[in-house]
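For reference, the structure is listed below as structure tokens.
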Amino acid sequence: MNDHENENEVIHVYDDDIEEQDNRLPLWWQYTLYGAIVFAIGYWIGDQKFGSWLSPRARYEQEMVASRLEALRKGAAMTPELILAMSRTPATVESGRQLFTATCAPCHRADGGGNIGPNLTDAYWLHGSTPQNIYTSVHDGVPAKGMPTWAPQLGEEKVASVVAYVLTLHDTNVAGGKAPQGEKD
């Protein structure tokens, strides 16, 4: 018996009319299957090694943040939309977290739970919880309450990255945080 005869061998018969034969899958189908498996393994390894690959939306937001930051460097005003977009950009949030830890943690704790300064992780805010209110508080400070003006030391872009990080802390309610102060947003 040669291979051609084996291909037409009847394996099962259903309802006396339907015959199931043991046919080989076409090579193009097998190559497609094996190629998909190799691609999936490669994609998984790449994702594990290099982190999440950016979606088109995330890439677009990063490009918009970069272009708005460039406009900011040329003298444009800081907008709430830019701050919100920055709070969705992981690199900016990480930069803001590092700056927050270095400059703000003595008063607000590293997790934002509040020490001398208020708790930044609850729903209560002394000076407002909008991106513009937070930006103004960090940029101009609150001298009457002991918060320094950070704009001269950090600059516009770094102040914005700290505010982007603070926006990610909002409503996280860390354990052991300071009691609520101000008005609920």
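The values are calculated or read from the model by the stated rules, or taken from the named source; none is laboratory data. A quick note: this is a predicted structure, and the numbers were derived from the prediction, not measured. We place every Cβ from the backbone using ideal geometry, glycine too, and count neighbours over all the protein chains shown. Only protein heavy atoms, including side chains, enter the accessible area calculation; ligands, DNA and RNA are left aside. Shrake-Rupley method; radii C 1.70, N 1.55, O 1.52, S 1.80 Å.
Here are the numbers:
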{"item": "Alpha carbon convex hull of the chain, volume per residue in cubic angstrom", "result": "234 Å³"}
{"item": "Residue of 66, 76, 110 that the Gaussian network model of the chain assigns the largest fluctuation, springs spanning Cα pairs under 10 Å", "result": "76"}
{"item": "Relative contact order for the chain, counting Cα pairs under 8 Å that sit 6 or more residues apart, in percent", "result": "21 percent"}
{"item": "Kyte-Doolittle at least -1.0, axis length at least 18 Å by Cα - qualifying DSSP helices, the chain", "result": "27-50, 56-73, 156-169"}
{"item": "Å² per residue, accessible surface of the chain at 1.4 Å", "result": "65 Å²"}
{"item": "Cross-link partners of residue 158 among lysines (Cα-Cα below 16 Å; sequence separation of 8 or more within a chain)", "result": "74"}
{"item": "Highest-MSF residue in the chain out of 166, 13, 93 [GNM, Cα springs under 10 Å]", "result": "13"}
{"item": "Highest-fluctuation residue, 24, 97, 73 considered, GNM on the chain with Cα pairs under 10 Å", "result": "24"}
{"item": "Helical mean residue ellipticity (222 nm; -39500 (n - 2.57) per DSSP H run of 4+; nearest 500) of the chain", "result": "-16000 deg cm²/dmol"}
{"item": "FRET efficiency, residue 59 to residue 84 (Cβ-Cβ, R0 22 Å, nearest 0.05)", "result": "0.80"}
{"item": "Carbon/sulfur fraction of accessible area - the stretch 33-185, other protein chains in place, 1.4 Å, %", "result": "61 percent"}
{"item": "Computed lengthening from residue 21 to residue 116, 0.36 nm per intervening residue step minus Cα-Cα distance", "result": "26.3 nm"}
{"item": "Sites residue 98 and residue 149 - FRET efficiency at Förster radius 30 Å, r taken between beta-carbons, to 0.05", "result": "0.90"}
